[in-house]
Amino acid sequence: MVNNKNISKVFFLFIFAHLALWTLIPFLSNINLPLDTIEALAWGSKLDWGFEKHPPFSAFAAQFFFLIFGPNDFAYYLLSQIFVIIAFIFVFKFSVEIFKDKILAFLSLIVLESIYFYNFTSPEFNVNVSQLPFWALTIFYFWKSIKENKLIYWMLFGIFSALGFLSKYLFIYILLALFLFVILNLEKNKKFIKNYFLSIIVSLIILTPHFFWLFQNDFATIFYGLKRSSLDEIEFLNHVINPLRFLLKQFIILIPFFLMIFLILKKKFFKLDFKNEKSVFLIIISIVPFLLMLFTSIITGANIRTMWMTPFYLFLGTLFFYIFRKNIDFKKIKKFYMLFLFFFFLSPALYLAVSIIDETKRTDYPGKEISRLVQNKWNDNFTNEIRIVIGDEWFAGNLSYHLSSRPIWMNELKIKSIEIDNNQGVIYTGNPKILKKICPGVFGTIKPVGYCMIGLK
């Protein structure tokens, strides 16, 4: 049984078990890396301060790992779980600050295993996973800042806020929630306002290169986000249907979470104390970003994609255990742990089952073998190395990742703005019927993609 004497050991055992399980299972069951991970690696092959789809941090992280590990799939599943684990550690640390009790903090953490964002979907390193540690770090250091008002904490808050925003723009929702807390406590906490604005300045300095990139690239990332939200095809009913669809999906996702929470309660009612700073803060960081997302959908009619909510529930366990703290029935703790273990092992079992049964997934794409065949054909025709691959993030991105020369990936957006010296060693990928007609070099097809190779004879 978990107690105050062994809680640290149990916590690190949980962290290690999650890390090992969700690194090894996808690595052993998948032939190829998932789409979003290949995408981040493609962007990382030629780093910039932004990309058509997203800001750059996920690409920075992926490329850093590539420089160390190269095209080793294990490394990128590990990378994803490192991001999850850092988030978990700071959820725990924050919860200890709130409860002054490691047992309650631990319960607040492990209940997150019932939310599939933190296990089933986490092997795919992408911008959603990239946000996780910064969401937790930003909240942790904001809390430390307002409680102790140390400049170092405010600076860390500013740094992690910027890195979170560089992961994905939706990070603005937690920053708006924290700003709301500042406004609500303006009179009470005038002492930290100066440092708060200093932290904003630190964030803006870090974000400056990305803002310049946005201006130089006609705000491509923002327009992509609007298109992804289906804002280019809005109808009146979307203002009703899309928010309702969003609510329904989130309710279904959170059913296992609520099962775990209600299992351990004596009574199912609570009374919120809005004079309690901790209660207010937990509501603001856990509920306000969710409401802002909902209001966004209502006002704009946007289709909120399920995975966009990945970081939003990190502190939901802390919130519920805090407001129900007087109603926790520790006589039911064994049942709670049993349910936790059920979800802990159910998710990887389901993941493994899907990997075996579903033979149409992208992770079954033979990217390594196709890259080998492409390399062989290149070697038969040219003397120089492959330096550039051009096409979409998936087909061209896989070549960029697997080929030994680590060619730079480019898409059509980039081609329009640069001059390409074909003698460098270039492979164009695309529709084979179209590509064959216009290919000035050696043409080949590895279904379903065509390859046009141009190099030095």
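Data table
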read-out: From the options 104, 109, 156, 151, residue that is surrounded by fewer than 21 Cβ atoms within 10 Å (Cβ to Cβ), over 30 Å from residue 41 (Cα atoms) and in contact with a Phe, Trp or Tyr (Cβ under 7 Å, 6 or more places away or on another chain); value: 104
read-out: Conditions (1) over 26 Å from the mean Cα position of the chain (by Cα); (2) buried (at least 21 other Cβ atoms within 10 Å of the Cβ); (3) modelled with pLDDT of 95 or more; number of the one not met by residue 405; value: (2)
read-out: Pair list, Cβ < 7 Å and 6+ apart or interchain, from region 250-263 residues that are without any contact (Cβ under 8 Å) to a residue 24 or more places away in the chain and assigned to a helix (DSSP H, G or I) to residues that are loosely packed, with under 13 Cβ neighbours inside 10 Å and not aromatic (Phe, Trp, Tyr); value: 262/268
read-out: Residue check for residue 244: farther than 30 Å from residue 89 by Cβ, free of Cβ contacts under 8 Å to residues at least 24 places away in the same chain and either in the same structural domain as residue 131 (by TED's automatic domain parsing) or in contact with a helix residue (DSSP H, G or I) (Cβ under 8 Å, 6 or more places away or on another chain) (or both); value: yes
read-out: Neighbours by Cβ (under 9 Å, 6+ apart or cross-chain): first from region 133-154, small (Gly, Ala, Ser); second not in a helix (DSSP H, G or I); value: 136/314; 136/315
read-out: Helices (runs of 4 or more DSSP H) enclosed by region 274-359 - at least 3 residues per element that are without any contact (Cβ under 8 Å) to a residue 12 or more places away in the chain and not charged (D, E, K, R); value: 288-300, 333-357
read-out: From 368, 457, residue being surrounded by fewer than 21 Cβ atoms within 10 Å (Cβ to Cβ), of a type in the set (D, E, K, R), assigned to a loop (DSSP other than H, G, I, E, B) and touching a residue at least 60 places away in the same chain (Cβ under 8 Å); value: 457
read-out: Which listed residue, of 184, 170, 207, is surrounded by fewer than 18 Cβ atoms within 10 Å (Cβ to Cβ) and in contact (Cβ under 8 Å) with a residue 40 or more places away in the chain; value: 184
read-out: Residues of region 17-72 that turn out to be out of contact with any helix residue (DSSP H, G or I) (no Cβ under 7 Å at 6 or more places or on another chain) and in a loop (DSSP other than H, G, I, E, B), as a count; value: 3
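Yes/no per residue for (1) assigned by TED's automatic domain parsing to the domain that holds residue 239; (2) farther than 27 Å from residue 224 by Cα; (3) surrounded by 15 or more Cβ atoms within 10 Å (Cβ to Cβ):
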site: 280; (1), (2), (3): yes, yes, yes
site: 291; (1), (2), (3): yes, no, no
site: 297; (1), (2), (3): yes, no, yes
site: 300; (1), (2), (3): yes, no, yes
site: 303; (1), (2), (3): yes, no, yes
site: 306; (1), (2), (3): yes, no, yes
site: 333; (1), (2), (3): yes, yes, yes
site: 347; (1), (2), (3): yes, yes, yes
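Matching residues to (1) surrounded by 23 or more Cβ atoms within 10 Å (Cβ to Cβ); (2) within 22 Å of residue 351 (Cβ to Cβ):
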{"position": "29", "(1), (2)": "no, yes"}
{"position": "33", "(1), (2)": "yes, yes"}
{"position": "47", "(1), (2)": "no, no"}
{"position": "77", "(1), (2)": "yes, yes"}
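The values are calculated or read from the model by the stated rules, or taken from the named source; none is laboratory data. Please read all numbers here as calculations on a predicted model, not as lab measurements. Cβ sites come from the backbone with ideal geometry, for glycine too, and all protein chains shown count toward neighbours.
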